[in-house]
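K.L.:
Please see the structure below; I have some questions.
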């Protein structure tokens, strides 16, 4: 194994459990300014002393500024490491880190504070290689879990030589280390219904039931579900809200559906499946949270070969359906690789965890990818 990788992977793995404990101790649900500021302070404290720390505007209004840590060098390459500090776990449900055998269990461990810890470790390791790059930047955003508007950081890093995202890692069934080089586009269909209220007992015929209209819209959307089709389209209604009282015909409501496909165009076409009216209720459908797809398979083939050679075991490409900020950068940075975080599971659930035994192997993978970028 490459000496630089072996040395620093061990150091990263040794520090990772304590650093993860400190970062997970901060409850930072998306949109909570205080929690994001506290998490950013912890991350900044773990950054190398040689780095320049900035807080830059977040893509989402009313969120805390994102964290940008820049390590200047004297070489030519420009490298972006990417993660997020926010979680989906509310303060009331937050769980600090605890160890259960090989599992480090806690809120946001694998999605994605464990990845943030590995990214910070990689940035520290890069201090020794400042002659190999002009800039190594770590961007940790505060709104990845629920961003509805455009992602504003793409232009700032356009033209960088590589973008490496530290979402949770994975292995193939045969044990080979995997990284993510393909993701589906993702979005959220929002349907608002407007009907007319009436007494549900004495005069239901005078009402126009928004709830029934939304149920029909949900069926229309679900009929477009085609995971085995050419676009691998999935359409899953997930939330419906309507009505305020048990004895009133509901006059309004909303429906949410999660949609994913190989392209954004396929998602935009789903909106047309919702009719303008059902049962007299008006329906307004729109696509929100548009996340582009990502396909860097061709661009990263040689990179993965060099990285595999650097650690003496295969690192193979894989695809994943979940959305990631890496997809935004892949449109302008062809060498985009995701899934460089630790092994674990239970993302967004109370039992979310990272495997302690996987910290060193995944640190090796991350450093091997970094080394391969710089060695090109």
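K.L.:
Among the residues of the range 188-211 satisfying the criterion of being touching a helix residue (DSSP H, G or I) at 6+ places or on another chain (Cβ under 7 Å) and surrounded by 24 or more Cβ atoms within 10 Å (Cβ to Cβ), which is nearest to residue 231 (Cα to Cα)?
P.N.:
For the range 188-211, the residue satisfying everything is 189.
K.L.:
Please state which of the following conditions residue 239 fails to meet, knowing it meets all the rest: (1) within 17 Å of residue 273 (Cβ to Cβ); (2) surrounded by fewer than 16 Cβ atoms within 10 Å (Cβ to Cβ).
P.N.:
Only one criterion in (1) within 17 Å of residue 273 (Cβ to Cβ); (2) surrounded by fewer than 16 Cβ atoms within 10 Å (Cβ to Cβ) is unmet by residue 239, namely (1).
K.L.:
May I pose another question? Quick one: how many residues across the range 263-302 are assigned to a helix (DSSP H, G or I), under 19 Å from residue 321 (Cα atoms) and in contact with a helix residue (DSSP H, G or I) (Cβ under 8 Å, 6 or more places away or on another chain)?
P.N.:
Going through the range 263-302 one residue at a time, the tally reaches 1.
K.L.:
In the set 232, 153, which member is under 21 Å from residue 330 (Cα atoms), outside the structural domain of residue 320 (by TED's automatic domain parsing) and in contact (Cβ under 8 Å) with a residue 40 or more places away in the chain?
P.N.:
232
K.L.:
Can you name the strands (runs of 3 or more DSSP E) wholly within the range 157-238 that have at least 1 residues being more than 22 Å from the chain's Cα centre (by Cα)?
P.N.:
The strands (runs of 3 or more DSSP E) meeting that bar are 185-194.
K.L.:
How many residues does the range 71-93 hold that are within 27 Å of residue 354 (Cα to Cα), surrounded by fewer than 19 Cβ atoms within 10 Å (Cβ to Cβ) and touching a residue at least 24 places away in the same chain (Cβ under 8 Å)? Outline the logic, then answer.
P.N.:
Pass one, the range 71-93, residues within 27 Å of residue 354 (Cα to Cα): 79-93.
Okay, now just the ones that are also surrounded by fewer than 19 Cβ atoms within 10 Å (Cβ to Cβ), so 88, 90-93.
From what is left, the residues that are touching a residue at least 24 places away in the same chain (Cβ under 8 Å) are 88, 90-91, 93.
Final tally of qualifying residues: 4.
Yes/no per residue for (1) surrounded by fewer than 18 Cβ atoms within 10 Å (Cβ to Cβ); (2) within 19 Å of residue 235 (Cβ to Cβ); (3) in contact (Cβ under 8 Å) with a residue 24 or more places away in the chain; (4) over 21 Å from the mean Cα position of the chain (by Cα):
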| site | (1), (2), (3), (4) |
| --- | --- |
| 283 | no, yes, yes, yes |
| 310 | no, no, yes, yes |
| 316 | yes, no, yes, no |
| 320 | no, yes, yes, no |
| 325 | no, no, yes, no |
| 341 | no, no, yes, no |
| 345 | yes, no, yes, no |
| 362 | no, no, yes, no |
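K.L.:
Right, next: Conditions: (1) part of a helix (DSSP H, G or I); (2) modelled with pLDDT under 95; (3) within 21 Å of residue 376 (Cα to Cα). Residue 127 meets all but one. Number of the miss?
P.N.:
Here residue 127 clears every test but (2).
K.L.:
Here's a follow-up. Which residues, taken from the range 135-159, are over 24 Å from residue 63 (Cβ atoms) and surrounded by 15 or more Cβ atoms within 10 Å (Cβ to Cβ)?
P.N.:
Selection gives 135, 136.
K.L.:
Residue 33 versus (1) within 24 Å of residue 324 (Cα to Cα); (2) touching a strand residue (DSSP E or B) at 6+ places or on another chain (Cβ under 8 Å): which is the lone unmet condition?
P.N.:
So residue 33 meets the others, but not (2).
The values are calculated or read from the model by the stated rules, or taken from the named source; none is laboratory data. Keep in mind that this is a model prediction, so the values were computed, not measured. Positions of Cβ are backbone-derived with ideal geometry, glycine not excepted, and every protein chain shown enters the neighbour counts.
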